[in-house]
Amino acid sequence: NSGAKMKLSFKQKIGIGLYMGRSLLTKPQCFAYNPRKQSFIDDPYPVYRHMRDEKPAFWSPHTIGWHISGSHEFLLQCLKDERLSHCFRLWKFAPEYDASSPLDNLLSSLLMALPAKDHMRVRKLVSPAFSPRFVAEAKPEIEALVQEELKHFDRNGELDLVKLCREIPINAMAIYFRIPDAMRGDFNALSHAIIAAFSSEMDNMDTEAAERGIAQLRALFAEKRRNPDDSFMSTLINHMEDGDSMSENEALGLVGALLAAGVDTTFDYMLNIFYGLVKNPQWGPWLLENEDKLQNLMDETFRWNTFGNRGFFRFAVEDLEIHGQKIKKGEIVQIMFSIANHDPAVFPEPNTFNPLRENLDKAYTFGLGAHYCLGHAIVKLIAQVTVMAVVKRYSTMQAKTDPTREYNMLTRRINRMTLVNPQ
């Protein structure tokens with residue numbers, strides 16, 4: 001059955017049900033934390049302050065796991081704690097893989113699913129393909145793409161930022177990976193399928209389109225073997241050929257992880273930057289005068305109002321205790337770094353938007369250390385090019401109506417934000 005995919009068995013579903021029931025009866029909870037509640041989606045920071053002060057460790061049915069808050073220093077220690085792993089396979093209810101399914105094979109080879117030693121091996125091999133050189137080479141084409149999309153979405157002095165930010169990342173990633181235009185639809189379906197596989201919304205993914213995406217990536221690998229060039233894909237294939245140091249599934253998993261994480265994250269990341277500028281419009285004209293400070297401004301938008309609705313995902317490698325709570329091996333732990341980014345001891349007046357802060361390197365946007373996002377340079381480039389192009393057209397950053405947000409599996413997603421030029 002080629003339509004098979006990573007699925008929870010009936011037994012696992014029963015196991016999760018029993019675990020949920022037992023946890024609701026025996027573990028501390030925080031009823032204020034509800035990522036589906038509109039007041040939280042609009043502004044989670046009052047809840048975050050309550051979590052930090054009153055509920056530094058609690059279990060939530062919304063995420064089937066623990067949430068840990070505390071000071072910036074404490075949460076940084078949690079991120080570095082080797083008893084908390086990134087590896088999805090360690091989850092006590094990790095779905096079974098079907099070896100005959102191309103999608104399952106790809107999912108089991110994703111960076112986030114690999115054991116630590118394989119994760120480090122693959123990362124080390126492919127990091128040259130993410131070097132600033134490769135990223136810089138894509139810049140002229142990404143600039144041209146952004147101008148083209150701006151022309152398309154700029155309607156008589158009105159710009160729908162949600163539509164613009166939805167279109168740019170998938171096409172920019174396709175430029176970076178050198179994916180032919182005809183493949184982009186299935187490429188997009190593959191990205192959605194990978195995200196869906198790690199969520200409760202697993203049953204509504206388009207498996208067939210995703211598997212066409214995988215077949216096309218394999219065809220692209222074969223083509224690059226026959227006709228190598230200096231692209232990202234060729235660099236990847238050199239490592240696959242080099243004494244079997246990386247399998248084709250791992251290479252597919254890597255491209256898949258970048259697709260899934262990269263496209264969706266870039267969409268939310270760019271909208272979040274525009275939200276910061278719309279809510280603090282004095283910084284639009286400032287940015288035109290201080291283009292070299294663009295990355296500072298981008299980092300501050302993330303620190304000031306993180307778009308995620310949960311924390312950095314980890315899985316307990318062994319039984320452990322945090323804030324006096326006993327966490328069992330295989331349980332999910334979410335490290336709430338949005339709370340660390342508002343620690344007044346590190347970021348004075350944390351609710352104030354200030355791109356001139358000197359220590360924005362402490363506001364972790366793309367993870368840390370061994371799990372620092374591999375694709376961070378390409379994501380930043382796409383965002384930088386897009387933000388500057390928009391600010392040059394709409395320097396007042398005036399929104400037509402107040403931006404609105406909706407629930408998304410991982411984010412407080414902005415679903416309406418339109419810029420207008422003042423008449």
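Filter region 380-402 for residues that are under 13 Å from L161 (Cα atoms), β-branched (V, I, T) and touching a residue at least 40 places away in the same chain (Cβ under 8 Å) and give the result.
T386, V387, V390, V391, listed by residue number.
Of the residues H62, H67, H50, which is farther than 30 Å from R121 by Cβ, surrounded by fewer than 18 Cβ atoms within 10 Å (Cβ to Cβ) and modelled with pLDDT of 95 or more?
Result of the check over H62, H67, H50: H50.
Would you say D292 is within 26 Å of P350 (Cα to Cα), open to solvent by 20 Å² or more (accessible area, probe 1.4 Å) and among the charged types (D, E, K, R)?
yes
Output the residues belonging to region 76-115 that are assigned to a helix (DSSP H, G or I) and without any contact (Cβ under 8 Å) to a residue 40 or more places away in the chain.
If the condition is that a residue be assigned to a helix (DSSP H, G or I) and without any contact (Cβ under 8 Å) to a residue 40 or more places away in the chain, then Q77, R89 are the ones that fit.
Can you list residue pairs whose Cβ atoms sit under 9 Å apart, with the first residue in region 48-71 being more than 14 Å from I335 (Cβ to Cβ) and touching a residue at least 24 places away in the same chain (Cβ under 8 Å) and the second being among the β-branched types (V, I, T) and surrounded by fewer than 21 Cβ atoms within 10 Å (Cβ to Cβ)? Count only pairs 6 or more apart in sequence or on different chains.
W59/T26; I64/I16
In region 194-212, is there at least one residue being open to solvent by less than 50 Å² (accessible area, probe 1.4 Å), under 23 Å from I378 (Cβ atoms), modelled with pLDDT of 95 or more and small (G, A, S)?
Looking through region 194-212, none of the residues is open to solvent by less than 50 Å² (accessible area, probe 1.4 Å), under 23 Å from I378 (Cβ atoms), modelled with pLDDT of 95 or more and small (G, A, S).
Determine the pairs where a residue that is aromatic (F, W, Y), located within region 157-177, has a partner that is at pLDDT 85 or above with Cβ atoms under 6 Å apart, the partner being 6 or more residues away or on another chain.
Final answer for the pair search is Y176/A138; Y176/I378.
The rows are residues; the columns are (1) under 16 Å from T266 (Cβ atoms); (2) under 22 Å from the mean Cα position of the chain (by Cα).
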| position | (1), (2) |
| --- | --- |
| A129 | no, yes |
| E137 | no, no |
| I142 | yes, yes |
| F177 | yes, yes |
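So, in region 178-192, exactly how many residues are outside any helix (DSSP H, G or I) and open to solvent by 30 Å² or more (accessible area, probe 1.4 Å)?
Selection size over region 178-192: 2.
Condition check: closer than 30 Å to G262 by Cβ, touching a helix residue (DSSP H, G or I) at 6+ places or on another chain (Cβ under 8 Å), open to solvent by less than 50 Å² (accessible area, probe 1.4 Å) and at pLDDT below 90. Does L84 satisfy that?
No: the conditions fail for L84.
Got a number for residues in region 1-38 being open to solvent by 70 Å² or more (accessible area, probe 1.4 Å), small (G, A, S) and modelled with pLDDT of 95 or more?
Matching residues across region 1-38 total 0.
Of these, F313, F274, F267, which one is closer than 26 Å to L381 by Cβ, hydrophobic (A, V, I, L, M, F, W, C) and outside any helix (DSSP H, G or I)?
Only one candidate passes the filter, namely F313.
I want to confirm something. Restricting to region 88-108 and keeping residues that are open to solvent by 70 Å² or more (accessible area, probe 1.4 Å) and in contact with a strand residue (DSSP E or B) (Cβ under 8 Å, 6 or more places away or on another chain), which single residue is farthest from D186 (Cα to Cα)?
Here the residue is L90.
Only one residue in H62, H67 is of a type outside the set (S, T, N, Q) and part of a strand (DSSP E or B). Which one?
After ruling out the rest, the residue left standing is H67.
Just checking, how many residues over region 144-177 are under 27 Å from E223 (Cβ atoms) and either crowded, with 20+ Cβ neighbours inside 10 Å or in contact with a helix residue (DSSP H, G or I) (Cβ under 6 Å, 6 or more places away or on another chain) (or both)?
12
The values are calculated or read from the model by the stated rules, or taken from the named source; none is laboratory data. Fair warning: this is a prediction, and the values are worked out from it, not measured in the lab. Neighbour counts run over all protein chains shown; Cβ positions are idealised from the backbone, glycine included. Ligands, DNA and RNA are stripped out before the accessible areas are found, and what is left, the full protein with its side chains, is counted by its heavy atoms. Shrake-Rupley method; radii C 1.70, N 1.55, O 1.52, S 1.80 Å.
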